[in-house]
Amino acid sequence: TQITWKCASGQSITINVTAGQSLMEAARDHDVDGIFGDCGGNLACATCHVIVPPEWVELTGKPDAMEEDMLDIVETGRTPTSRLSCQIVATHEMDGMVLEVPGA
Ligand code: FES
């Protein structure tokens, strides 16, 4: 599943993500700028913030209540389609998706 991260730094990186892997893990493994995943995917750090293009939201789903609370404290401006990428699990259908990584 090819997914692209477009970073505030100008970096654009396409990663071949294994289905079942979280998008935070895939990004962290490839040193995507702006994705830190400090808490290891436990919804405790909000350093894995991405913006999902509206046309892909149906596939990525919506944040649950705990993720909502964490999204409220992201330091990189929350948007209506912001997600914490440790909570998005890659599927084959996400092939071609382009995520935006907001800058501080
Ligand atoms: Fe910490 Fe996603 S990795 S909230």
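Read-outs: derived from the displayed coordinates by stated rules, not from any lab. Since the structure is predicted, the reported quantities are computational estimates derived from the model, not experimental observations. Note: ideal-geometry Cβ built from the backbone for every residue, glycine included; neighbour counts use all protein chains shown.
Three semi-axes describe the equivalent ellipsoid of the chain; taken as square roots of 5 times the Cα gyration tensor eigenvalues and ordered largest first, they are 18, 15, 13 Å. Ranked by how many other Cβ atoms sit within 10 Å of their own Cβ, fewest first, the residues VAL52, VAL74 fall in the order VAL74, VAL52. Going from the fewest other Cβ atoms within 10 Å to the most, the residues ILE88, ILE3 appear in the order ILE3, ILE88. Taking amide hydrogens as placed 1.01 Å from N in the peptide plane, the amide H of GLY37 sits under 5 Å from those of THR47, CYS48, each at least 5 positions away in sequence or on another chain.
What does the charge dipole of the chain about its Cα centre add up to, to the nearest 20 debye, if the Cβ of each Lys and Arg holds +1 and the Cβ of each Asp and Glu holds -1? Working shown, then result.
Numbers: 5 positive and 16 negative charges, 30 e Å.
That gives a dipole near 140 debye.
Electrostatic tally near VAL98: other residues with Cβ closer than 12 Å to its Cβ, Lys and Arg +1, Asp and Glu -1, net -2.
Taking VAL57, VAL32, VAL17 as the candidate residues, the one with maximal mean-square fluctuation in a Gaussian network model of the chain, Cα springs under 10 Å, is VAL57.
If you take the beta carbon distance between THR91 and SER9 as r and set R0 to 30 Å, what does 1/(1 + (r/R0)^6) give as a FRET efficiency, to the nearest 0.05? Show your work: numbers first, answer last.
On the way: r = 27 Å, r/R0 = 0.91.
Taking R0 as 30 Å, the efficiency between THR91 and SER9 is 0.65.
For segment 1-45, the Kirkwood estimate of the hydrodynamic radius, built from every pair of different alpha carbons, is 11.0 Å.
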